[in-house]
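Down below is the structure, laid out as structure tokens.
Nothing in this text is a laboratory measurement; each read-out follows from the coordinates by a stated rule. Everything quoted here is computed from the prediction, not taken from an experiment. Glycine also receives a Cβ, built like all others from the backbone with ideal geometry; neighbour counts cover every protein chain displayed.
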Protein chains: 2
Amino acid sequence: MFEVLQTKGQARRGRLILPHGVVETPIFMPIATKGAVKTLSSQDMEKLEAQIILSNTYHLLLRPGFEGIKKLGGLHHFMNWPKPILTDSGGYQVFSLSKMNKTKEEGVIFQSHIDGARIELTPESSIETQLAIGSDIMMQFDDVAAGGADRERHEEAMERSLRWARRSFGVFDAVVGASGRSPLHPDMTVRPSLFGIIQGGTHEDLRECSLRGLVEIGFDGYAIGGLSVGEPREEAFRIVDAIAPQMPVDKPRYFMGGGMPEEIVHYVRAGVDMFDCVLPTRNARHGTLFVWNVDPENWNPIEGEENDNFYQQMHITNEKFVFDESPIDPFCDCETCKTTSKAYLRHLFQVGEILALRLATVHNVRFYLRMMEQIRKTI
Amino acid sequence: MFEVLQTKGQARRGRLILPHGVVETPIFMPIATKGAVKTLSSQDMEKLEAQIILSNTYHLLLRPGFEGIKKLGGLHHFMNWPKPILTDSGGYQVFSLSKMNKTKEEGVIFQSHIDGARIELTPESSIETQLAIGSDIMMQFDDVAAGGADRERHEEAMERSLRWARRSFGVFDAVVGASGRSPLHPDMTVRPSLFGIIQGGTHEDLRECSLRGLVEIGFDGYAIGGLSVGEPREEAFRIVDAIAPQMPVDKPRYFMGGGMPEEIVHYVRAGVDMFDCVLPTRNARHGTLFVWNVDPENWNPIEGEENDNFYQQMHITNEKFVFDESPIDPFCDCETCKTTSKAYLRHLFQVGEILALRLATVHNVRFYLRMMEQIRKTI
């Protein structure tokens, strides 16, 4: 269930009510690809005040596997994470990671990138896997066109995604529809959600067609997929600016897989509610930290001109930090900034201590979550 | 300063009073080789109730370097660790890690294993480096014979170590002697300590000669070096059993670089007070966990027959743990055991999440520290 509490321009402040709790939107979802946000424990994520995390059906399907995750009582129990989880459908990873894949109308047959095992993923099996994971928000299985694909391929992928949306909805509805509960969490009275995914590349008319088809089926939320895949930023902005206002106002809107802080601000201003991205965690592991240029308490991302000067990227391994005993980000309230100097963190990266990766990740995840907190405050 | 508070047989419970605080002995010192206990922050070490950590002069001399560590205000400040630090002298690492080294009476010239830079380490420069680090306990610079060396080489190394002990003492005394304070911590009224190192391989007479020479100089504590380097356990036991009772009763006794839990128990019963070892942290990173077979509260390591059945080594990546939802060690009070199932930790190792290394390290370090807590309780 979703409620819009407040709007400012197109931007919305809302509340997503899920089996494992309430999520205040706009929200950023840290990525726990294989059942852990890289370098961080579930308890760390709670301390960082993450409200919801994202996990990848494709990776969990490989290990611990469908039967494994069922036997382990679902992902919340397995990773000891009490709050909501969103899972993607596996569609995107099948195309980007598997060694070999073959798409038919039925679904996709692919080889595991771990051991080469042949696995079939269909709209039905994707939803069944997500039900076994016990996700609070499940994503339809979709056909994802490659970044540089032509219009014809985008049209095909969009139309197949629509057909797969119907089939995804069918399985979900058959299981969750009557009881209104997750079969894995029958004690929880709140219904899990199923989101449809809008495809169509950078073609506005295909995107609109995709959205219309999904709304006709009637999902609990709608995602914009297939962007942040290498297209120019302006192209992604153009599509989101055109499509977001057409998306149902009473349903959550999710931009998949993006992006840089100023991009998230742009999408929030266009009316998007939910985000996920590997940037804070991946950049952290490469020693690139997001730091505030302004006191976030005084930052108003929703009003005035858009800009990216509210933060900077700090390359902590830079020689200039060798004797810099100041905190990484004096505006940040994370454990790393409270305890660690730039010089010490730089040293840890230099000598190859894996503690460096954790300290940097703590900070970057907190930066993104804090950014969302301030975005919510100013809507 | 050191006080023996209680004895049981040869075992001693004591108290080591150092510039950065009091250490209850017998104690295990986790190893922060390059300025961090691998995977853990200084704050993690405080939560684990570590009383003192060990860091390596050799590694710190390479990075951040002598001038670097001086400019950074010493290691406590650099790594934000408020409690005592012991540093080794660099002697052992020069022989085990550097690409090329040449020992003369003056000292050792070696090539950095990082960038090949030529560095000279002498008794004087080792102590000066440890003074710059601001160590609570500094170790004399010593000449370390290889594990398989003959008696002649052991005799030479022992005698040179004695001469280097005198020179180490000379520098330390010139700086610390008059003021009774660490030059880096003039506000701290407690004097840092300098320990001598007993060498002589597995030759009892050489060990005794070494000990006599060191006692003549008069150190704040005495260490047994050059064991735990591949010799049969019985040989190490024989030397410690013979030498420990001859060591000054009013000074702390430190067994360097060992060992397995039952070995530490043996050495405590022989009268040793201090230990350090890479086993808990290194084994953790390979998925090998130390777990209690008995409730440590009811374990009496000091009385009765010695045995190693109070614990076991658990190889968490073993297939048998794939669906084992029980905690790693129900007797353990660490964060990992309170939050993480065997199945989840196994999964994290299987999929290569570096969180696994941290969770395992937290547990193993806590196991060793808890073992020492119980050893102290039963003396």
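Observations
- For the stretch A:1-86, fraction of C-alpha pairs farther apart than 21 Å, in %: 37
- Value of [θ]222 nm, deg cm²/dmol, for chain B, DSSP H segments ≥ 4, -39500 (n - 2.57) each, nearest 500: -10500 deg cm²/dmol
- For residues of A:174-184, the mean tally of beta carbons on other chains within 10 Å: 0
- Sites counted here are trypsin sites (Lys or Arg not before Pro) in a DSSP loop (not H, G, I, E or B) having no more than 11 other Cβ atoms within 10 Å; the longest part of chain A that contains none of them is A:105-379.
- Extending 7 Å from the Cα toward the beta-carbon at both residue B:235 and residue B:106 defines two label points whose distance is 3.4 nm.
- Cβ neighbours within 10 Å from other chains - mean over A:335-343: 3
- Closest-to-axis residue of chain B (Cβ criterion, axis taking B to A), whole Å: B:354, 3
- Evaluated on the stretch B:10-56, the Kirkwood hydrodynamic radius is 11.6 Å, with distances taken between all distinct Cα atoms.
- A convex hull fitted to the Cα coordinates of the stretch A:1-144 yields 125 cubic angstrom per residue.
- All other residues whose Cβ lies under 11 angstrom from that of residue A:296 are scored, Lys and Arg at +1 and Asp and Glu at -1, for a net of -2.
- Here the contact order of chain B, divided by its residue count and restricted to Cα pairs under 8 Å and six or more residues apart, works out to 17 percent.
- Pairs from the table (A:83/A:377; A:34/A:377; B:38/B:83; A:38/B:34; A:70/A:377) lying more than 29 angstrom apart at Cα are A:34/A:377; A:70/A:377.
- Take the Kirkwood radius over Cα pairs of the stretch A:81-162, plug it into Stokes-Einstein at 20 °C and 1.002 mPa s, and you get 158 µm²/s for translational diffusion.
- For chain B, the list of Cys residues with no other Cys C-beta under 4.7 Å reads B:209, B:277, B:334.
- Translational diffusion of chain B, µm² s⁻¹ [Kirkwood Rh, Cα pairs; Stokes-Einstein; 37 °C; 0.692 mPa s]: 155
- Of the GluC sites (Glu not before Pro) found in the stretch B:315-346, those in coil by DSSP whose Cβ has at most 14 other Cβ atoms within 10 Å are B:325.
- Rg followed by Dmax, in Å, when the protein assembly as shown is reduced to its Cα trace: 30.2, 92
- Kirkwood Rh, Cα atoms: Rg over Rh of the stretch B:149-250: 1.04
- Taking Cβ atoms as reference points and 9 Å as the exclusive limit, the residues near residue A:20 contribute a net charge of 0, counting Lys and Arg as +1 and Asp and Glu as -1.
- One quarter of the convex hull surface built on the alpha carbon atoms of the stretch A:252-303 amounts to 4.2 nm², the projected area averaged over directions.
- Restricting the stretch A:66-151 to GluC sites (Glu not before Pro) in coil, as DSSP defines it, with at most 16 other Cβ within 10 Å: A:105, A:106
- Built from the Cα atoms of the stretch A:233-322, the convex hull projects on average onto 7.3 nm², one quarter of its surface area.
- Our analysis of the stretch A:207-358 gives Rg over Rh at 1.07, with the two radii drawn from alpha carbon positions and Rh computed by the Kirkwood formula.
- 10 Å Cβ neighbours from other chains, averaged over peptide B:29-41: 4
- Position residue A:217, label points 7 Å along Cα→Cβ, spacing to each other copy in nm (shortest first, one decimal): 7.8
- Taking the Cα atoms of the stretch B:274-379, the ratio Rg/Rh between the radius of gyration and the Kirkwood radius comes to 0.98.
- Neighbourhood net charge (9 Å Cβ-Cβ; Lys/Arg +1, Asp/Glu -1) for residue A:161: -1
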